[in-house]
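What follows is a set of notes on a single structure, which appears directly below.
Throughout, read-outs are computed from the coordinates displayed, never taken from laboratory work. Owing to the predicted nature of the structure, the values given are computational and were not obtained by experimental measurement. Note that we place each Cβ from the backbone using ideal geometry, even for glycine, and neighbour counts take in every protein chain shown.
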Amino acid sequence: MPTLPTTVPTEYYLAVSAALFVIGVLGVLLRKNALTIFMSIELMLNAVNLSFVAFARQRGTFDGQVIVFFVMAVAAAEVAVGLAIIVDIFRSRHHVDVDQVSWLRG
Amino acid sequence: MEVLLFTLIAAVALASGAMVVLQRNAMYSALFLVLNFFCLAVFYVLLNAYFLAVVQIAVYAGAIMVLMLFVIMLLNVAHPEPIDPRFSVLKGFGALIALALLGELAYIVLRGGATLAAGPAAIATGDATHTQGLASLLFTRYLFPFEVTSILLLAAIMGAAMLARKRRERL
């Protein structure tokens, strides 16, 4: 690689976004703590946000950034309600282990 | 120069993302996630999305993660969860799915089609007009989603307050 590009190409951002997304998927699938799973979901959302902004820069419009704006708002709402649910479950069960929250299992 | 900065920040972002998933203590996971969000804010600045960078720090790192840290400390679930040494089929399946996803994404990224070294001048020179450009789009074309989002936030507030209130009798 004789010369480095002066601006970071879009693929580099997409690669980082893909890697972060896969790390988030691993976290959701392999962890038992509900709060850690929540944080992995946030990691996935942020990876997709990065993709959106990278493509917005490439296309020259702001639509991707507006979408990221909405994703952040929806993620905030989701975290608020999800944490309320986790707190409620903890109050009756005194743990946040998702393996043991299996009342609906047939 | 920008590529060097990008590589450094990308390494920190990926490392902190991995630590979020690998840490046994939920508090450490949350702190690593805050570091990851700061790295993403730097990425947004590199991508000329200055308003989003600040909103990322203010909303994600400053509100959402603080809320999660509150809950972690309130529920006192920060004690390390023991590592289950048995290799279950579920874990192997999960890892396989994640690898397949990584392969797909790598194929899409490496195949090309997203090749453009620099954005056009409309965004590249817009640090005084970036927020203007974002706002002009947000309040014209995306006005309806904007208003609906406010209703969504109201619903979330009511839902969270209702779920977390103290019950008079144990259900």
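Laid out as a table, the results:
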| quantity | calculated |
| --- | --- |
| Failed criterion for A:Asp99 (all others in (1) surrounded by fewer than 23 Cβ atoms within 10 Å (Cβ to Cβ); (2) within 7 Å of chain B (Cβ to nearest Cβ); (3) touching a residue at least 40 places away in the same chain (Cβ under 8 Å) hold) | (2) |
| Index of the failed condition, A:Thr36 passing every other in (1) closer than 29 Å to A:His95 by Cβ; (2) of a type in the set (Ser, Thr, Tyr); (3) over 16 Å from the mean Cα position of the chain (by Cα) | (3) |
| Count of residues meeting criterion [more than 30 Å from A:Asp97 (Cβ to Cβ) and either under 18 Å from the mean Cα position of the chain (by Cα) or surrounded by 15 or more Cβ atoms within 10 Å (Cβ to Cβ) (or both)] in segment B:4-27 | 5 |
| Residue match in segment A:15-33 (condition: more than 14 Å from the chain's Cα centre (by Cα) and touching a residue at least 60 places away in the same chain (Cβ under 8 Å)) | yes |
| Output for segment A:42-68, where each listed residue is among the β-branched types (Val, Ile, Thr) and over 16 Å from B:Val59 (Cα atoms) | A:Val48, A:Val53, A:Thr61 |
| Candidate set from segment A:3-49 (those that are touching a strand residue (DSSP E or B) at 6+ places or on another chain (Cβ under 8 Å) and facing chain B (nearest Cβ under 7 Å)); member that is surrounded by the fewest Cβ atoms within 10 Å (Cβ to Cβ) | A:Lys32 |
| Members of segment A:71-96 that are more than 17 Å from B:Gly62 (Cα to Cα) and free of Cβ contacts under 8 Å to residues at least 12 places away in the same chain | A:Val81, A:Ala84, A:Ile85, A:Val87, A:Asp88, A:Phe90, A:Arg91, A:Ser92, A:Arg93, A:His94, A:His95 |
